[in-house]
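Each remark here refers to the structure printed beneath this line.
What follows draws every value from the coordinates through simple rules; no lab data is involved. Note that the structure is a prediction, hence the values are computed from the model and not measured. With ideal geometry, Cβ positions are generated from the backbone for all residues, glycine too; neighbour counts draw on all protein chains shown.
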Amino acid sequence: MINFNYSIPTKIFFGKGQISVLGSQIKKYGSKILLVYGHNSVKKNGLYDKIVSILKYNDIYYCELPNIDPNPRITSVKKGVDLCKKNSIELILAIGGGSVIDCAKAIGAAYYYDGDAWDIVIHPEKITNVLPIASILTIAATGSEMDQYAVISNTETCEKLDTYHPDMYPKFSILDPTYTFTVSANQTAAGTADIMSHILEIYFHNTKGAYLQDRMAEALLKTCIKYGKIAIVEPESYEARANLMWASSLAINDLLNYGIDSVWSVHPIEHELSAFYDISHGVGLAILTPYWMEYVLNDNTVDKFKDYGINVWGLSADEDKFKIAHESIKKTRDYFLSLGLPSSLKEIGISDDKFSQIVNKIANNKTVGNFVPLNARDIMTILKNSL
Ligand code: NZQ
Ligand code: ZN
């Protein structure tokens, strides 16, 4: 039986030209902001200049934290907290993808915490208050623009962990698909795989009666499958970029998840791979997901794979259910390959030499996921199969 409280507080301004609301939206929270952004994409495509001119026009004071790395580091979070304190910042504006938005969220949470910022990553329960966050999204992938999570890396301890708090939902996010026209084919592919993985992590659940959520998940998967490919071939297709962008937000903003008891399986494994090898999140997911699917397919789970094969991949319902399930997994792998993504860890330079350490971090005396709970031995097998 599904049972839930609904609340998705982020205001979304979706579509071309929605940046026009920026000044008035910021002023609801104050007039001193911290701009957080990545390396050079926002300067190269002109978005940075546009934002700065809007801020100047509206008399909004800003200071800057540039150069946020993909897989954002706790060291950047600490720098951001210092800037916020020195400049009496009232709102943090993230311009970028998941890495930049996550970094902004962690800065907002660490701002109110007296101890070491890493504590609030390991212990989300220590977060009591968060400076208001807003985002201007430039890549469709993580859904951070409309969720309450932040994933932060610590290169000293080789950890990449997610933290969360209801006040970490951005207050507002501007989603203009034209800002994603410059995303490279590789990053578009990785982003599409990430969106699909978020949906799949929820879709493969054991809750009875979640018919509507399952059909919504299938519609979102079909949207990614259709438009991921088009966006790579036609990077300036507004239709493709818009559909991917909205799918990225809807995949993980809890809409699909309400009432479903889903504990994720592939993400915790990928996060540790990223922590040890600093790989692109979506690339790791594209490799691991089909191997995870093969590993968890059994008599108890086959019916879900059958639905997946028929409703998402259009396979014939007349075939044997295991045949449909295997074919659906093959379709998933082939799709990622068709986007130019790798299908083995070796292709991205990963061998088994750190697998024991990685498995220890992921499944130290605990299981991972709940569609089929995975223990350390299961995870080791999935990783070895993925080589
Ligand atoms: O640094 P710049 O120059 O901006 O380049 C970025 C970066 O190299 C580039 N890029 C972004 N927008 C662009 C662009 N290049 C050209 N044109 C544009 N418009 O793309 C590269 C990747 O950016 P990044 O922000 O790292 O990508 P993504 O959005 O995939 O974020 C990945 C991070 O989010 C975490 C991941 O683990 C990873 O650390 N996640 C966050 C989640 C959340 N908050 O809910 C959930 C996810 O599962 C995920 O774990
Ligand atoms: Zn993800």
*If one computes P(r) from the Cα atoms of segment 94-210, what percent of pairs lie at distances over 23 Å?*
37 percent
*Could you list, bin by bin from short to long, the percent of Cα-Cα pairs of segment 328-375 in 5 Å steps?*
5, 17, 14, 15, 21, 22, 6, 0
_Using the basic label-point model (7 angstrom from Cα toward the beta carbon), what is the Gln18 to Ser53 distance in nanometres?_
2.2 nm
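Highest first, please rank the peptides 113-122, 75-84, 54-63 by the mean number of other Cβ atoms sitting within 10 Å of their residues.
Details: 113-122: 16.8, 75-84: 20.5, 54-63: 14.5.
Output ranking for 113-122, 75-84, 54-63: 75-84, 113-122, 54-63.
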*Using the charge dipole of the chain (Lys, Arg: +1 at Cβ; Asp, Glu: -1 at Cβ; taken about the Cα centre), state which of Val368, Gly314, Val81 has its Cα farthest towards the positive end.*
Val81
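Order 89-99, 357-367, 266-276, 304-314 from most to least packed using the mean count of other Cβ atoms within 10 Å.
Working: 89-99: 26.5, 357-367: 15.5, 266-276: 22.5, 304-314: 19.8.
Most protected by this proxy first, the peptides run 89-99, 266-276, 304-314, 357-367.
With N set to the number of residues, divide the alpha-carbon radius of gyration of segment 183-385 by 2.2 N^0.38 Å and report two decimals. Could the numbers behind the result be given before it?
Values: Rg = 16.3 Å, N = 203, 2.2 N^0.38 = 16.6 Å.
Here the Cα radius of gyration is 0.99 times the empirical estimate.
Is there a quick way to get the dipole size of the chain? I mean about its Cα centre, with the Cβ of Lys and Arg at +1 and of Asp and Glu at -1; what is the value in debye to the nearest 20?
Numbers: 37 positive and 43 negative charges, 162 e Å.
In debye, rounded to 20, the chain gives about 780.
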_To check you understand DSSP bridge types, tell me what percent of the beta bridges within the chain (both residues inside) are antiparallel, rounded to 5._
25 percent
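So how much slack lies between Tyr211 and Lys86, counting 0.36 nm per residue of separation and subtracting their Cα-Cα distance, in nm? Could the numbers behind the result be given before it?
Values: separation 125, 0.36 × 125 = 45.00 nm, distance 5.09 nm.
Contour length minus Cα-Cα distance gives 39.9 nm.
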*asked:* How would segment 299-366 be classified by its alpha-carbon gyration tensor: rounded, prolate or oblate, with rounded meaning a/c under 1.5 and the a/b versus b/c comparison settling the rest?
replied: oblate
*Rounded to the nearest 500, what is the 222 nm mean residue ellipticity of the chain from helices alone, with -39500 (n - 2.57) per DSSP H run of 4+ residues and division by all residues?*
-14500 deg cm²/dmol
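Semi-axes of the equivalent ellipsoid for the chain, please: Cα gyration tensor eigenvalues, times 5, square-rooted, ordered largest first, whole Å.
On the way: eigenvalues 234, 109, 75 Å².
Equivalent ellipsoid of the chain: 34, 23, 19 Å, largest first.
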*So, by mean Cβ neighbours within 10 angstrom, what's the order for 377-384, 176-183 with the highest one leading?*
176-183, 377-384
*Using a Gaussian network model of the chain with C-alpha springs under 10 Å, which one of Asn129, Asn154, Asn300 is most mobile by mean-square fluctuation?*
Asn300
*Would you be so kind as to identify which of Leu91, Leu288, Pro342 lies farthest towards the positive end of the dipole of the chain, taking Lys and Arg as +1 and Asp and Glu as -1 on Cβ and the Cα centre as origin?*
Leu91
*Cβ-derived FRET efficiency at R0 35 Å, Thr178 paired with Lys384, nearest 0.05*: 0.20
*Going 7 Å from the Cα of Asn186 toward and past its Cβ, which residues in segment 339-354 have a backbone nitrogen under 20 Å from where you end up?*
339-351
*asked:* Per 0.36 nm of contour for each residue apart, how much would the distance between Met1 and Asn360 grow if the chain were fully extended, relative to their Cα-Cα spacing?
replied: 125.7 nm
_Convex hull (Cα only) mean projected area of segment 267-387, reported in nm² to one decimal_ = 7.4 nm²
_Suppose each label sits 7 Å from its Cα in the direction of the beta carbon; what would the Phe322-Lys346 distance come out to in nanometres?_
2.8 nm
